[in-house]
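A.B. asks: Take a look at this one; I'll ask things after.
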Amino acid sequence: MDLRSVCVYCSSSSSRDSVVETEIRLFGREIARRGVRLIYGGSSKGLMGALADEVLAAGGLVTGVVPKALEGREAAHRGLTELKVVLSMHEREQTLFDLADAFVAFPGGFGTMEEIIEMLTWKQLGIHGKPIVLANIGGFFDPLLAQFDLAIRSGYARPEDRILFAVAENTKSILTFLDGAPILSRKAGDWA
């Protein structure tokens, strides 16, 4: 896959886990080194801010997308290569999707969960075939992965839905997956 941009979902919370922050900073340096543009939620706070700062410090390109209603609350990063201010959260999610070649979710809160599950759902419905990776740093996503397995065992999801995403535990495995990830081409509804 020719990876030119990656959308990263992560926390804008000021509460940080040093192991996760170290890994997200490494990820930022590595994508900058490879010339991959970071697409993200535009905040200067928390892991979001740490990631953007790292990409920028390494000479990389960063596009942030902030809904007007949250522009002050999320403290939009002012040092970005590009800052897009949109009207709503729905427009933010669509813009992040449109700009990205792939999606990676690092540990985060409700917004991170909502956004990555939306991308999984869109992929399941055949809306896109872009790669999705859960960065399972320190086992953060283990409970979510257990819930996915329960949904499959209970018949609410299908076993083949496991191809919709990959799970990686560090920057090297995230990027190794993305380097070899196919873009799945299905008509809308093929997986639903």
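A.B. asks: Residues Gly42, Gly46: which one is under 16 Å from Glu82 (Cα atoms), buried (at least 18 other Cβ atoms within 10 Å of the Cβ) and modelled with pLDDT under 95?
C.D. replies: Among Gly42, Gly46, only Gly42 is under 16 Å from Glu82 (Cα atoms), buried (at least 18 other Cβ atoms within 10 Å of the Cβ) and modelled with pLDDT under 95.
A.B. asks: I would also like to ask the following. Would you mention how many residues in the range 85-119 are in contact with a Phe, Trp or Tyr (Cβ under 6 Å, 6 or more places away or on another chain) and over 18 Å from Leu51 (Cα atoms)?
C.D. replies: Residues meeting the conditions: 1.
A.B. asks: Separate question: With (1) within 17 Å of the chain's Cα centre (by Cα); (2) farther than 15 Å from Leu120 by Cα; (3) not aromatic (Phe, Trp, Tyr) as the list, and Leu150 as the residue in question, which single condition is left unmet?
C.D. replies: Every listed condition holds for Leu150 apart from (1).
A.B. asks: Continuing with the same structure: State which residue is modelled with the lowest pLDDT when the search covers only the range 51-69 and only residues that are aliphatic (A, V, I, L, M) and buried (at least 20 other Cβ atoms within 10 Å of the Cβ).
C.D. replies: Result: Val66.
A.B. asks: Scan the range 117-142 residue by residue and report those that are hydrophobic (A, V, I, L, M, F, W, C) and in contact with a helix residue (DSSP H, G or I) (Cβ under 8 Å, 6 or more places away or on another chain).
C.D. replies: Correct list: Met119, Leu120, Trp122, Ile132, Val133, Leu134, Ala135, Ile137, Phe140.
A.B. asks: Of all residues in the range 80-115, count the ones that are surrounded by 13 or more Cβ atoms within 10 Å (Cβ to Cβ), without any contact (Cβ under 8 Å) to a residue 60 or more places away in the chain and either of a type in the set (Lys, Arg) or farther than 22 Å from Asp142 by Cβ (or both).
C.D. replies: Total meeting the criteria: 13.
A.B. asks: Which ones in the range 49-59 are among the small types (Gly, Ala, Ser) and within 17 Å of the chain's Cα centre (by Cα)?
C.D. replies: Result: Gly49, Ala50, Ala52.
A.B. asks: Restricting to the range 7-37, count the residues that are under 17 Å from Gly108 (Cα atoms) and surrounded by 21 or more Cβ atoms within 10 Å (Cβ to Cβ).
C.D. replies: 10
A.B. asks: Hey, does the range 123-137 have a residue that's farther than 17 Å from Val6 by Cβ and touching a Leu at 6+ places or on another chain (Cβ under 7 Å)?
C.D. replies: Scanning the range 123-137, I find at least one residue that is farther than 17 Å from Val6 by Cβ and touching a Leu at 6+ places or on another chain (Cβ under 7 Å), so the answer is yes.
The values are calculated or read from the model by the stated rules, or taken from the named source; none is laboratory data. All of these numbers come straight from a predicted model, not from anything done at the bench. Cβ coordinates were reconstructed from backbone atoms using ideal geometry, including for glycine residues, and neighbour counts include every protein chain displayed.
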